[in-house]
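The structure under discussion appears below in the form of structure tokens.
Readers should treat all values here as calculations from the given coordinates under stated rules, not as data from a laboratory. Everything numeric in this text was worked out from a predicted model, so none of it was measured. Here Cβ is always computed from backbone atoms with ideal geometry, including for glycine, and neighbour counts include all displayed protein chains.
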Amino acid sequence: MDYEIVAVDDQIEVRELLVDIFTLQKKTIHVFAGATEALALIAQKKDRVGLVILDLDLGPNQLSGQEILKQLGELYPGLPVIILTGKGSVAAAVSALKAGATDFIEKDFYLEDKISLSVEKVEIMLHAVRQQKVLNAQNQRLRAEVQRLGGGHQIISGSQVMAELMEKVIRVAPLPRPLLIIGERGTGKELVAHALHFHSQRADDPFVVMNCAAVAETLLESELFGHEKGAFTGATGRKEGKFELADGGTLFLDEIGNMSLEFQAKILRVLEYQRFQRVGGSKELSVDVRVIAATNRDLNEAMDAGEFRRDLYDRLAFEVLNLPPLRERREDIPRIAEFLLRRFAAEVGSIRCSRMSKEAALQIMSYDFPGNIRELKNVIERAAYRAESDELGVEDIRAAMPNVGHTSEPKVDVGDFETRVADFESRLALSALEDRDWNQKDAAEILGLTYDQFRHLYRKYKLGSLRQVDDDPSRR
């Protein structure tokens, strides 16, 4: 390890011994009898000095070792310092360790061996520190690159239902089993698949995406398993399929519910044996791929209708992650909208606004967004494109909503912010009660609230008085 050493000791024989020790080790050492010159050299060569060896007692009219140690700690935090101490000053050396010294050595007949052993320990520490710096630098570069490429795969949420989902994601991600994600279009199923991959042992290996609904059935086998030259018209060369490209990593099969029963059988075989043949090939290939599947289709209905294989479902459903639509986690809508707005403003220099008014945030919470995050993204970008101020307002949001009919609540147009929030909050709670036949526990669950939180809203807005029939205590 290439670094220089500075030693401070008032005994010439100790200084000569240190020079002999480190010269044999082919290390550069600078020795001094006092602190002034030593500190000056350290300041001059601060990027080169990797170790200081310091005697605690430097004689009369000199800075004490404790004082020098304190200065070094303030000026060069993390610089290793080995303390040398004479007999009878061990207590002071222990005090120096507490003040930040790396090690202390008592001067005796075995001083040379002790120094060599201590330097070995320091070098191990220095190596670990340097490795950590390298890793930190690499991590910062990777984060910067991810940000440059569009902000990465971020899941923006603050709702209880999404917090519970992400806890499940982190818990199941390391397990080497297939998984199934179910959710409406635009809810972010691919983002969840990325999160599963990121938190698995395969995070450094490929993450490959295949949208099964975007490819004709006749081409799907070639896309997934690859093909040999001449396998069909247009196959001018060998092509690796998605399973080969994902070897060692994760393959995300989006919209798996669109596959025919015949092709489902082929997928099931690959899941069970991790083996397949390219189209037109005779050699069986082996891979190590974790499959994460997703669909917006109700697979239970599909299985009942004989359109989805139960054995494939059983193989995929080691864990089923149900991704809720935005209308079931409305409190997330402003957070996601603000993130999308900031990202759009960063991508397009001509966009003026990068924030949203409280009234606009309240307005977008009133929409159902059947297209979920994908639709929300389009609305925010259209609104930002039209906005003439640096803040997105209610009128900007309304102008960007072509289908104003899909709202679950009336628009909130009157009153100050607190009044509008209260009005919207009460309507949400009332809607949940009516949707769950006035069962407060179930209403709390669909809003992602605890029973106590919902009871607070129930009392606050006197929702019981709005019911057309008498409360049944058994339903509370």
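Under the convention that each Lys and Arg Cβ holds +1 and each Asp and Glu Cβ holds -1, the size of the dipole of the stretch 329-399 around its Cα centre is about 180 debye. Its convex hull of Cα atoms gives the chain a direction-averaged projected area, equal to a quarter of the hull surface, of 38.3 nm². Each Lys or Arg adds one and each Asp or Glu takes one away; over the other residues whose Cβ falls under 9 Å from the Cβ of residue 83, this sums to -2.
A dipole drawn for the stretch 329-399 from +1 and -1 charges on Cβ atoms has a positive end, and of 372, 337, 387 the residue lying farthest that way is 372. Of the peptides 69-80, 191-202, the ranking by mean beta-carbon count within 10 Å, highest at the top, reads 191-202, 69-80.
If only the Cβ of Lys and Arg carry +1 and only the Cβ of Asp and Glu carry -1, the dipole of the stretch 251-331 around its Cα centre is close to 320 debye. Classify the stretch 160-324 as rounded, prolate or oblate, taking a ≥ b ≥ c as the square roots of the eigenvalues of its Cα gyration tensor: rounded when a/c is under 1.5, otherwise prolate if a/b is larger than b/c and oblate if not. It comes out prolate by the Cα gyration axes. Amide H contacts of residue 105 (H built 1.01 Å from N, in plane; Pro and chain starts excluded): 83, 84, 85 sit under 5 Å, all sequence-distant by 5 or more or on other chains. Note: relative contact order over the stretch 329-399, using C-alpha pairs below 8 Å and six or more positions apart, is 39 percent.
Give me the mean projected area, in nm² to one decimal, of the convex hull enclosing the Cα positions of the stretch 329-399.
So the mean shadow area of the Cα hull is 4.0 nm².
Summarised as an ellipsoid, the stretch 259-387 has semi-axes of 42, 20, 12 Å, derived from the eigenvalues of the Cα gyration tensor scaled by 5 and square-rooted, with the largest first. Taking Cα centre as origin and charging only the Cβ of basic (Lys, Arg, +1) and acidic (Asp, Glu, -1) residues, the dipole magnitude of the chain rounds to 620 debye. Among 240-251, 108-119, sorting by the average number of other beta carbon atoms lying within 10 angstrom of each residue, highest first, gives 240-251, 108-119. With contacts taken as Cα pairs under 8 Å at a separation of at least 6 residues, the chain carries a relative contact order of 10 percent. The residue list 317, 450, 211 was ranked by how far each Cα lies along the charge dipole of the chain toward its positive end, using unit charges on Cβ atoms, and 211 comes out on top. Highest mean first, the peptides 351-363, 211-223 sorted by other C-beta atoms within 10 Å per residue fall in the order 351-363, 211-223.
Lys and Arg at +1, Asp and Glu at -1: add these up for the other residues within a Cβ distance under 14 Å of residue 32 and post the number. It works out to a net charge of -4.
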